[in-house]
Amino acid sequence: MVGFVGTFSYWHGIGVLQEAIARLLADDQAGRLRFLLVGQGPLHSEMREFLKEYAVSRKVIFTGLVPHQGVRRYLDAADILLSPHVPMPNGKPFIGSPTKLFECMAMGKAIVASNLDQLAEVLEHNRTAILVAPGDVSELVDAIKLLSDGPVLRARLGSEARRAAIERHSWKRNAEQVLQH
């Protein structure tokens, strides 16, 4: 199960994600892959339409909005979590609250994320995640394939991501850093 939780908007890489899903599912002869897409946003309807044949067969599940307290169950249902952000259209650095990324890390799941701005500051390639070039559908597809075929790699990345989240990005650690300055 491959999961995405977020806003279905341009900078979250929805166009890249929908193309990657279509390629992966068209090539998934064994029928092993499923995608769990949680959230809403301006590109939600377009993505649903683009992937409708896979939604009918339940290879792609769209949940729509879920209450924040329920997000953890959806994160936990996934084996691989995605953060396929793309550069901002105005060329400015992507800046957002990385809370969702920390939540993904804390779940101890393998993560595929764009090697972009804040994401690349928090995650480390081949240690806490697989980082891919922003907007590169082929790299995203290859990373998902690598992780779907590699349970040992998924477990190692997930474990390291969780450890990093607890050591460096917990609310307790954040408060300690504030108090030290």
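The values are calculated or read from the model by the stated rules, or taken from the named source; none is laboratory data. On a predicted model such as this, the values are computed, not experimentally measured, just so you know. Positions of Cβ are backbone-derived with ideal geometry, glycine not excepted, and every protein chain shown enters the neighbour counts. Side chains are part of the model used for accessible areas, which takes the heavy atoms of the whole protein and leaves out ligands, DNA and RNA. Shrake-Rupley method; radii C 1.70, N 1.55, O 1.52, S 1.80 Å.
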Enumeration of residues in segment 132-181 that are over 20 Å from Leu33 (Cα atoms) and aliphatic (A, V, I, L, M): Ala133, Ala161, Ala164, Ala165, Ile166, Ala175, Val178, Leu179
Taking segment 152-181, which residues are more than 21 Å from Pro84 (Cα to Cα) and at pLDDT 90 or above? Val152, Arg163, Ile166, Glu167
Residue count for segment 13-24, restricted to those that are in contact with a Pro (Cβ under 7 Å, 6 or more places away or on another chain) and not small (Gly, Ala, Ser): 2
Since Gly70 meets every condition but one in (1) modelled with pLDDT of 95 or more; (2) farther than 17 Å from Lys145 by Cβ, which condition does it not meet? (1)
When segment 109-132 is checked residue by residue, the ones that are out of contact with any strand residue (DSSP E or B) (no Cβ under 7 Å at 6 or more places or on another chain) and open to solvent by 30 Å² or more (accessible area, probe 1.4 Å) are Asp117, Gln118, Glu121, Glu124, Asn126, Arg127
Pick out the one residue from Leu131, Leu82, Leu101 that is modelled with pLDDT under 95 and within 12 Å of the chain's Cα centre (by Cα). Leu101
Within segment 65-91, track down each residue that is without any contact (Cβ under 8 Å) to a residue 40 or more places away in the chain and open to solvent by less than 20 Å² (accessible area, probe 1.4 Å). Gly70
For Ala106, work out the one condition from (1) open to solvent by less than 40 Å² (accessible area, probe 1.4 Å); (2) in contact with a Leu (Cβ under 8 Å, 6 or more places away or on another chain) it doesn't fulfil. (2)
Can you tell me which residue is surrounded by the most Cβ atoms within 10 Å (Cβ to Cβ) among those in segment 133-181 that are touching a Ser or Thr at 6+ places or on another chain (Cβ under 8 Å), free of Cβ contacts under 8 Å to residues at least 60 places away in the same chain and not small (Gly, Ala, Ser)? Leu157
